[in-house]
Amino acid sequence: MSDNLQPRGADDATFAQPLYTPIKRRSFFMYAGATAGATALVLAGCSKDSDPVTTSNLINVGSGDTGVLNYAYALEQLEAGFYTALRDGAYYKGLATTSAERQILDDLYYHEVIHREFFKAAITSGRISDSLKPDFSKIDFSSRTSVLGAAKAFEDLGVAAYNGAGQYITSPLYLTLAGKIVSVEARHAAIIRDLVQEGSFIDNSVVTLTTANASASASGAGPASSSVERSMTPNEVTAAANAYLADGSKIDASGLK
Amino acid sequence: MDFFKIIDQLAEVDADLLGRFDSRRAIFNSLGSLAKRSAMAASPLLVGALFNKAYAGETGIKSTAVDVLNYALTLELLEQDFYSQVITAGLATSVGGAAAAAAIAKIKLHEDQHVALLGGTSGAIKSLGGTPVSGIRFNASAIPSNLNFATNYDTQLLVAQVLEDTGVRAYKGRASELLGTDLLTTALRIHSMEARHAAHIRYMRATRPGASTDIRPWITAADSAAQTPANALYTSAYTNGITPSTTTPPTPPPTFFNFGGGSFTIPTYDATKPSPREDNTTQSNVALITALGTPYTAAEAAAAFDEYLQPAEVLDGSRAGGLVR
């Protein structure tokens, strides 16, 4: 498998106009069009990869593969913004420069900023705003409990979001790319949880262990005793994420389905 | 929308289509135990993805879902037996302490449940009509003797890290073969757990007395240059395919495996596309160090993304394949 998502520049069209490139999609349309009952299928197929639009003050990430990438980009903007604010806050500044916790928070900051900037560079067509405005007024950046609690929530949310959105990707390359990021998010979530309470890198709140836990039993619940991590639908994720985005920067991911 | 009616109508157009759909139909039939059948049938995009997959199969993607699941089960069984041996050895308790022992027990529980989910009586593989692999054991004697696996807790943690990081890379490497099926989401939800395991094992190693300060919860660029036996994992060495126990490496490398009556095949190693090393700093042709405005260090750029492995690399004698007996 190629390491490359796609060539940039010359093949930008592949990003926004999949109909012109993959042969398998042409096959799909040809055969779908030959069936009497396939109208809904064709319409749904044609709505893929629409450009993002802003409606009723929400930023719509769009649909199709571009929509999923925009969705991820929005979440990465939120996470990167959080760690940026964290490093300006009193709690972080009070940590000794050699402390393990500070080093971990620095690493998380860099990873998330790199993720954000990567999507900005890689989504060459149909990209949502590069400057979503966060609203972290609910977070006390001078409090360890508040800072780490928020970090835990963001990281757990990120993993559940990627887990739930993988199914909406059609390109193997994009899926692999999302996989490369989500496992790093899961590593983040685990270490933040260990900082909050050692050994809590996984618990019933994010994984269906011996019982299906209430907070993991939204649409993303797995069977009890299956040990699969929570996944969340785009609408569940945006409901949580929008609480930390300012008016005008809140996102709508309902086009992902 | 009647999914099966559409399939039937398609069959009139293309008589060969149903053949191409066989494994996908089997997946569909199994959804009762894995996901919400009605939700999938009602989702045009997923149906579309299913179509893509059927035709993509023509262009070389030959692995069936059962093959992918048996491959995953092989790794889960290896991890399960590994943790059994670690728990039996008792060092997690006597050397690591109560918190370490609890963590190992928790991870072992997850591996048990993944084994059941994939290979159990009502697991995914049987639901698809396949036969789960079984009898896979962790071969402790494959660990270099100077590392004293049986008596050295730090060696046990190192091997645990290797296995977990390999698991993460392995799931990542085959997820795209499940595109368009609900099995993809299940695989992703196991994948992220393996990453949490890996991060915690790394945390456990980092907090050991005298531990290197280079050990992080994520795979760093430095890991690619780590000491044996970990180093091969983080580069992309490919030597000779699976080498159970001490047998001579077979030539050519096998792509067919049979354990306990369950068998599976993996794609032939593609030497033209070796998997990226973990110190890779270019993603999707974007040079993360230099192309993002602000310059970032190679260490941060490499750690921000995990990498995948081809199945043949995972089952190579230098990685998980060398630890199977």
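Bear in mind these aren't lab numbers, they're just calculated from the coordinates by the rules spelled out. No experiment lies behind these values; they were computed from the predicted model shown. Here the Cβ positions follow ideal geometry from the backbone for every residue, glycine too, while neighbour counts run over all protein chains shown.
Each residue of the range A:130-137 was assigned a 3J(HN,Hα) from its phi angle through the Karplus curve 6.51 cos²θ - 1.76 cosθ + 1.60 (θ = phi - 60°); the sequence is 7, 10, 4, 9, x, 9, 9, 5 Hz, with glycine and proline shown as x. The simple Förster model, with R0 at 45 Å and r as the Cβ-Cβ distance, assigns A:T124 and B:T93 a FRET efficiency of 0.25. Only Cα pairs under 8 Å and 6+ residues apart enter the sum, and on that basis the relative contact order of the range A:110-193 stands at 29 percent. Segment A:K138..A:A90, full-extension length gain: 15.8 nm, with 0.36 nm per residue of separation and the alpha-carbon distance subtracted. Using the beta-carbon distance between B:A271 and B:T207 and R0 = 45 Å, what value does 1/(1 + (r/R0)^6) give for FRET efficiency, to the nearest 0.05? My answer for the efficiency is 0.65. Here r is the Cβ-Cβ distance between B:T131 and B:N152 and R0 is 35 Å; the resulting FRET efficiency, rounded to 0.05, is 0.40.
Under a model in which nothing but the beta-carbon of Lys, Arg (+1) and Asp, Glu (-1) is charged, the range B:52-187 shows a dipole of about 100 debye around its Cα centre.
Close amide H partners of B:Q283, meaning residues 5 or more places away or on another chain with modelled amide H under 5 Å apart, are B:L288.
For B:V324, the residues 5 or more places off, or on other chains, whose built amide H falls under 5 Å of its own are B:N139, B:S245.
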